[in-house]
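No value in this document is a laboratory result; all are computed from the given coordinates. This one's a predicted model, so the numbers in the text were calculated from it and none came from an experiment. Note: ideal-geometry Cβ built from the backbone for every residue, glycine included; neighbour counts use all protein chains shown.
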């Protein structure tokens, strides 16, 4: 909920800043659209003086609206409200002129601000009709032709309405001012097209950014869920091993408990990071294989672990290798003779990991509904973490099951 509220504040602030910048641009480059009779040049005022007072007026007009945000704390609203008169007092000395000219400058600024504000009515209407209706109805759904026609039509209508607003309506509303449209209709249409284009690009970039953030958060939550499913499975298998040894009164039980403690410390704490040292991941594979060797019959199942390469300083996402190693022991141990082979190598920034094990006739190595995530889990995580930088293949040939994984770890 806090995140949604924060995002709503960001969007609101962005909208306000966009229109404040737009008002300032028109004040600076498209004035004067107001003929008031004041000869400001006699005061040698720069455009920055005019913009200063225009922005003070904008802040005074927009400031009270802060009380409409119920989520904001009262002290923030009071600080903003108290800041407005302070801003005016600070702005006056900047002019470095006699105090008597202030009424003239205020009159000019208010007149000019009023003109620019009225000019923006049709622009604001066109922009929000575009973002709230046309983009949502046409562009997002891939109906590009209809969107383009609607956007051009909207720009034409908004341009004509802007011209008509000054020629037919404003004189009746403000007869004391001489407000005229300083642009031709085709110029107004181009202005509308410019605003519609800019806001469309900004809207699409904002949506794209949101999509990236949402996808990343989804990946993080999904990986956390996958880890949560993996951890109990490893714990269950290894506790069974230690229980079997303890039941026999085997003196190795204490050592295995210490190994399991190290193993659990890794799974519970070290894997909380996005990346871990590949060297540590290899060490935990060795520990895991050592634990599993204690629970199997060496006369029935031969375990071969082959490790080559220098893993120092290389980082990898946690719990990518371990499920594949676990899969070998889960499905490769039975009454018949067989071999479990695990090969790990690191050459030219590429990690190669392969396994081979015999499959018990009752087992399906891709069936992970009975307590494990297995290969399908690893495949899903690789797609999230190393898109376009990995290969994962698995093959069943008779009673042999083989897995090969390659990851580019630049």
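Miscellaneous remarks
- For peptides 156-164, 133-141, 251-259, 319-327, sequence by mean Cβ density within 10 Å, most packed first: 319-327, 156-164, 133-141, 251-259
- Residues in region 377-410 that a label on residue 212 would reach, taking backbone N under 17 Å of a point 7 Å out along Cα→Cβ: 385-387
- Extending 7 Å from Cα along the Cβ direction at residue 187 and again at residue 149 yields two label points whose distance is 3.2 nm.
- Separation in nanometres of the label points that stand 7 Å from Cα toward Cβ, at residue 336 and residue 128: 7.4
- Additional length obtainable on full extension of the chain from residue 160 to residue 376, 0.36 nm per residue less Cα span: 71.7 nm
- Two-site FRET efficiency, residue 400 against residue 255, from Cβ-Cβ distance with R₀ of 22 Å, rounded to 0.05: 0.10
- Taking every alpha-carbon pair under 8 Å whose residues sit at least 6 apart, region 251-408 reaches a relative contact order of 20 percent.
- Distance in nm between pseudo-label sites at residue 75 and residue 10 (7 Å out along the Cβ direction from Cα): 2.6
- Burial ordering of 402, 211, fewest other beta-carbon atoms within 10 Å first: 211, 402
- Overall form of region 251-408 per C-alpha gyration tensor (a/c, 1.5; a/b vs b/c): oblate
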